[in-house]
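Worksheet for the structure shown next.
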Amino acid sequence: MTKKHFIALAKALRAEKPGSNWDPNKLIQWDLDVKAVANVCASASPRFDRDLWMAYVNGECGPSGGKL
């Protein structure tokens, strides 16, 4: 997988993040799903940066770690 693939997956997961007004169980399940996808990405590339990817999925930074 390439960086483009990792960013595309992160964007898709980010778009599906449940809002704060949703059932809390949906957020828990979403978080588990994100972690499962991160595990697959990490196994696909030794250069995969899990912390950066998770920060992007959670809306904490841009796709390359910069500001939003």
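Taking into account only those residues within segment 40-68 that are more than 11 Å from the chain's Cα centre (by Cα) and polar (S, T, N, Q), which is most open to solvent (accessible area, probe 1.4 Å)?
Taking the candidates together, the pick is Ser43.
Identify, by number, the condition in (1) closer than 24 Å to Gly66 by Cα; (2) part of a helix (DSSP H, G or I); (3) at pLDDT below 95; (4) not hydrophobic (A, V, I, L, M, F, W, C) that Asn25 doesn't meet.
(1)
Between a first residue in segment 53-68 that is closer than 19 Å to Ala42 by Cβ and a second residue that is at pLDDT 85 or above and assigned to a loop (DSSP other than H, G, I, E, B), which pairs have beta carbons less than 8 Å apart while being 6 or more apart in sequence or on different chains?
Ala55/Cys61; Tyr56/Gly62; Tyr56/Pro63; Val57/Lys17; Asn58/Lys17
Would you please list the contacts, defined by Cβ atoms under 6 Å and residues six or more apart or on different chains, that run from a residue in segment 1-17 that is under 16 Å from Asp49 (Cα atoms) to a residue that is open to solvent by 70 Å² or more (accessible area, probe 1.4 Å)?
none
The values are calculated or read from the model by the stated rules, or taken from the named source; none is laboratory data. Remember, it's a predicted structure, so these values are computed and weren't measured experimentally. All Cβ positions, even for glycine, are placed from backbone atoms using ideal geometry, and neighbour counts span all protein chains on display. To get the accessible areas, we keep the full protein, side chains included, count just its heavy atoms, and leave off ligands, DNA and RNA. Shrake-Rupley method; radii C 1.70, N 1.55, O 1.52, S 1.80 Å.
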